[in-house]
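We did not get these values from a lab; they are worked out from the coordinates using the rules stated. Treat the numbers as computed from the prediction; the structure is a model and nothing was measured. Every residue, glycine among them, receives a Cβ derived from its backbone with ideal geometry; neighbour counts consider all protein chains shown.
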Amino acid sequence: MRDGEPRNFLQCCLLLLLRERPAHGYDLYERLGPFGVADGEPTAVYRRLRALEQAGMVRSEWELSDIGPARRTYHLTERGDALLRSRGDALAETRRRLDYYLGRHARAAAPPRAPSRQGAVPRAP
């Protein structure tokens, strides 16, 4: 997990991708790229998928292939979908807090403004 990344973000991303469509582990790994959570570590994705399956959030089945080895196809379960909905709500709240923080951070990092010259007499050229 990177500094500043919400806890369990990889889990949320995997559940979201499986809500979109069932997939093989490596397909999920490739689709995680835009989320910035896989960081070149497919093993972390497979470990998380196994943990999600043990917790009943996803299920898998072996799919035979004519051109290669059998692969697991992962599917989102009802329990996983319920968790995804609750995590979506939690992430929305985290986003609200981050927006507040970043606004304050931007104001604090801005260069100080020059003192107001309100009421001062303009100088002659």
Cβ density ranking, 10 Å radius, fewest first, applied to Leu52, Leu98, Leu17 yields Leu98, Leu17, Leu52
For Arg72, other-chain or 5+-apart residues with amide H closer than 5 Å (H placed, Pro excluded) are Gly25, Glu63
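Based on the inverse mean of 1/r over its pairs of different Cα atoms, what is the Kirkwood hydrodynamic radius of the chain, in Å? Each step should come with its number before you reach the end.
On the way: mean 1/r = 0.0563 Å⁻¹.
Averaging 1/r across every pair of different Cα atoms and inverting gives 17.8 Å.
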In order over the stretch 13-24: 3J(HN,Hα) from phi, Karplus 6.51/-1.76/1.60, θ = phi - 60°, whole Hz, x for each Gly or Pro, gives 5, 4, 4, 4, 4, 6, 5, 5, 5, x, 7, 7
With +1 on the Cβ of every Lys and Arg and -1 on the Cβ of every Asp and Glu, the dipole magnitude of the stretch 9-97 about its Cα centre, in debye rounded to the nearest 20, is 380 debye
Under the 7 Å Cα-to-Cβ spin-label approximation, Thr94 and Ala70 lie apart by a distance in nanometres of 3.6 nm
Note on the stretch 9-97: contact order normalised by length, alpha-carbon pairs under 8 Å, 6 or more apart, percent, works out to 32 percent
Once amide hydrogens are built 1.01 Å from N within the peptide plane, the residues lying 5 or more places from Asn8 or on another chain with amide H under 5 Å from its amide H are none
